[in-house]
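The values are calculated or read from the model by the stated rules, or taken from the named source; none is laboratory data. Here the structure is a predicted model, which means the values were calculated and not measured. As a convention, Cβ positions derive from the backbone with ideal geometry for all residues, glycine included, and neighbour counts pool all protein chains shown. Each accessible area value is taken on the protein alone, full model and side chains, heavy atoms only, with ligands, DNA and RNA left out. Shrake-Rupley method; radii C 1.70, N 1.55, O 1.52, S 1.80 Å.
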Amino acid sequence: MDPFDSTETQGYDKSEKGAENIATRLQWARFSSWLECVCVVTFDLELGQAIELVYPHDVKLTEKEKTSICYLSFPDSYSGCLGDTQFSFRVRQSVGQKGSWFRDDDAYNRDAPGTLQREPAHYYGYVYFRQVKDGSVKRGYFQKSLVLVSRLPYINLFQSLLKLVAPEYFEKLEPCLEAVCNEIDQWPSPVPGQTLNLPIMGVVMQVRIPSKHDKPGGSPLKQSQKENLLPAPVVLPTVHELDLFKCFQSVLIHIQMLWELMLLGEPLVVMAPSPTVSSETVLALVSSISPLRYCCDHRPYFTIHDSEFKEYTSRTQAPPNVILGVTNPFFIKTFQHWPHIIRLGDLKMSGDLPKQVKVKKLAKLKSLDTKPGVYTAYKTFLHKDKALIKRLLKGIQRKRPSEVQSAILRRHLLELTQSFIIPLERYLASLMPLQKSVTPWKTPPQIRPFSQEEFMGTLDHAGPQLTSVLKGDWIGLYRRFFRSPNFDGWYRLRHKEMTQKLECLHLEVICEADLLDWIKDKSEVEIVDLVLKLREKLMKARRQQLPVKEEVLEKLESYIGMVIGSLPEDLQPVLRRH
C-alpha cells in the first residue's frame, strides 16, 4: 500500500487543528521525501540578509536555523560574485527539532549506500544566487538567493533543478515557486535502485536512485529504450557525483595525500576564491573515500557568522575532525594553528596543463595574500601513483573530455579505498559465529571482538598488496585509521549489520524447528515464557525492519498461535490479547 495514498489517520488529535495538521502532512508528504523546504533569501538595507519566504508555509525552522541559512546563502563580499552563482552548504539542525515530516527514512536508509543516506541531524542547502545591477534598488544591485533545503546529498540533482527553476522564479516570483513545489509534491518518493521520471516546468528529469546493492563503479544512467516519453526526458547520469577532475585539477599530483587525509578524518580547511569552488572541493574530498562513509563533520561553505564558528576556531583545544570550505581571507589568520590547509586560487594554466599547487610549510601561511598551495607537514604512508598522474596529464594534452578524466580518477580512488577496506571486511567476516552454532533454543552466540593485533597478523597473506600495486607503509596507515572517527563509524555500522544478520539466522532456525514437539514435556510457565520471547523477537524484527523474508515472520506468527492453542483455554485469551 502506498502510504501517500492512504486516507486513514489513526491516533491523531480529532480536533479541527489536528485535522488541519494531518491534511498538511499528507499534502506535502511526497515533497518532504525530497526537500524540507524552499527558502528565498534577499538583502534588506536595514536587516542585511533576511528570509523573504519559506515554502511550504507550515515548515517550522528555528531562529538559529533561519540565521544560518541567511548567512550561508550569500557569497561573502570578497568573492565578488556578479551574475548567477551556484553552490551548496551543510548546516547543523537545532537540538530538539523534530526530524523530517517524511516517515519512511528507515526504509530509504536501509537500501541506500552509506554515503547517500538521509542526514538525521544536518540540512544541506543548495543555493542559486543572483547579483545584477539594478538602478531601481537603493544599493544599485538586485541580490537574491533561491535555496533548496534537503537531508539528501543529491548535489547534481538539486543544482540541475535550480538551473531550471531559479531563472524562472526571479522573473515570476512566488506564484512560480508555489507551482514548482506542487509539482515536486507529485513526484514519486526516492527509492534506492529505481529509475524515476520527475516532471518539472514542462521538462522531465530522469534519474536513477543509487542502491547499496549496486556494483561499485557501475556505469551511469542511460536513457531507457523502452519508454517513449514526450517530451523526451533530460537524463541525469547521476544524482550526486561531481566532476572530480574539475574539482581536483590544480591538486592532481597530491591526490594520494588528500585521499589519506580524508581516510584518517584529519582537520582540513579549503580556502577558495568562491563558494562554488569551496563547496565543490569539500564535497569532492568527502566522496574520494567512497564507498566508505566519511563520518566526520564537513561544511562545504563556512562563514564567520556560522553558529559553530567559535567552537571550530578555538585555540584552547586541538582542531576538530572537520573539513571547512571558506572564502574569506580573514580565515588565514584564524586557522593558522590547523594542521592541513589547501589554498586554491583562480585556475592558472602552464601551457596545456593546469598549474599544480605545491606543498608548503605551515609557517609560510601568514599574510592575507598567501599563495595557492597545500600547507601541511603531513608525510604520506603510501607512495604516489605516478602512472595515474601521467595518464591524467596526458589526457589533458590530448583534450580528453572532463567526464572521462573524472571516471579514471573516480575508478582509481574507488580501487584504492577497496584495497584498503577489503582486508578489514575479510577479517570482520571471520569474527561472525558459524551458522551451525545458531540453535533455536539458545540466544545467538556473540560476535567475537575486533582485535587490532590479530587483524595486523592477517595482512602478510591477505593484505592490500593482493589488489593494489601501491607500495608504502600500509600497516602504519591502518594503525592511524584505527584512531579515526571513520574507523569507529565503519565498525559500528558493520557490527550492527552483523548482529541483525545473526538475529535473522536465529529467526529462520526457530521457524525450521518443531516447536510443538519441544513443548510436549515443558511446564506452562516455560511455554508462556517461550510465547513472550517469540513475540518479542517478532516485534523487534518488524520494528527494526530486519532483512528477513516476510514468510519467515508469518510462519513464526502462526507458530506462536499454535503454541498458544496448546495451552489451557483460560490462559489463551490473556496471551492472545497481549
Within a Cβ distance under 15 Å of Lys394, other residues only, what is the Lys/Arg minus Asp/Glu net charge? +4
Please compute the length gained on full extension between Glu454 and Met349, using 0.36 nm multiplied by the number of residues separating them and subtracting their Cα-Cα distance. 32.9 nm
Backbone HN-Hα couplings from phi across the stretch 209-216 [Karplus 6.51/-1.76/1.60, Hz, Gly and Pro as x]: 7, x, 10, 5, 8, 5, 6, x
Give a quick list of trypsin sites (Lys or Arg not before Pro) in the stretch 275-334 that DSSP marks as loop, anything other than H, G, I, E or B, with at most 14 other Cβ atoms within 10 Å. Arg315
Net length gained if the chain between Ala429 and Leu164 were fully extended (0.36 nm per residue, minus Cα distance): 90.7 nm
May I ask you to derive the relative contact order of the chain, considering only C-alpha pairs under 8 Å and at least 6 residues apart, and to give it as an integer percent? 11
Pairs from Lys310/Lys379; Lys212/Lys246; Lys442/Lys501; Lys361/Lys390; Lys436/Lys520 whose Cα-Cα separation, in the structure shown, is over 21 Å: Lys310/Lys379; Lys212/Lys246; Lys361/Lys390; Lys436/Lys520
So for the chain: antiparallel DSSP bridges make up what percent, rounded to the nearest 5? 75
Mind checking the per residue accessible area of the chain for me, 1.4 Å probe, whole number of Å²? 51
Amide H to amide H, which residues 5 or more places from Gly193 or on other chains are under 5 Å from it, using H placed in the peptide plane? Ile209, Ser211
Just the Cα atoms of the stretch 437-514: what Rg and Dmax do they give in Å? 17.4, 56
Quick one: angle between helix 485-512 and the longest Cα principal axis of the chain, in degrees between 0 and 90, rounded to 10, please. 20
Per the C-alpha gyration tensor (a ≥ b ≥ c, the square roots of its eigenvalues), the stretch 327-466 is rounded if a/c is under 1.5, else prolate if a/b beats b/c, else oblate; here it's prolate
Tilt relative to the chain, helix 524-543 - C-alpha long axis, 0 to 90 degrees, to 10: 20
Taking placed amide H atoms and a strict 5 Å upper bound, the residues 5 or more places from Phe74 or on another chain that come that close are none
To the nearest 0.05, the calculated FRET efficiency linking Arg492 and Arg576 through their beta-carbon distance, R0 being 56 Å, is 0.90
Helix 155-172 versus the longest principal axis of the chain: what is the Cα-based angle in degrees, 0 to 90, to the nearest 10? 60
Give the value in nm², to one decimal: projected area of the alpha carbon convex hull of the stretch 519-566, averaged over all directions. 3.3
Under 12 Å from Lys537, Cα to Cα: aspartates and glutamates that are on another chain or at least 8 residues apart: Glu503, Glu508, Glu557
Per the helix-only calculation at 222 nm, which mean residue ellipticity applies to the chain, given -39500 (n - 2.57) for every DSSP H run of n ≥ 4 and division by its residues, nearest 500 deg cm²/dmol? -12500 deg cm²/dmol
Within straight-line cross-link reach of Lys399, aspartates and glutamates at Cα separation under 16 Å, skipping those fewer than 8 residues along the same chain: Asp243, Asp352
Cα convex hull of the stretch 321-383: how many Å³ per residue? 118
Cβ under 14 Å from Glu508's Cβ, Glu508 left aside: what net charge do those residues give with Lys, Arg +1 and Asp, Glu -1? 0
Report the label-to-label distance for Ala387 and Ser437 in nanometres (one decimal), using points 7 Å from each Cα along the Cα→Cβ vector. 4.1
Fraction of accessible area attributable to carbon and sulfur, the stretch 428-469 (%, probe 1.4 Å): 57
Normalise the Cα radius of gyration of the stretch 436-578 by 2.2 N^0.38 Å (N = residues in it) and let me know the number. 1.52
The stretch 144-206 - Rg over Rh from alpha carbon coordinates, Kirkwood radius: 0.95
Taking H as built 1.01 Å from N, whose amide H comes closer than 5 Å to the amide H of Gln206, not counting residues under 5 places away? Leu198, Val234, Val235, Leu236
Relative contact order computed over the stretch 423-498 (Cα-Cα under 8 Å; 6+ residues apart), in percent: 28
Just check the stretch 265-386 against the gyration tensor rule for me: Cα atoms, a ≥ b ≥ c as the square roots of the eigenvalues, rounded for a/c under 1.5, and otherwise prolate or oblate depending on whether a/b exceeds b/c. rounded
Can you compute the modelled spin-label distance between Lys172 and Lys471, with each label point 7 Å from Cα toward Cβ, in nm? 6.4
Label-to-label distance, nm, for residues given as Val359 and Lys379 (7 Å Cα→Cβ offset): 1.0
Could you tell me what % of all Cα pairs in the chain have separations over 33 Å? 53
Around Pro167, what is the net charge, scoring Lys/Arg as +1 and Asp/Glu as -1 over all other residues with Cβ under 15 Å from its Cβ? +1
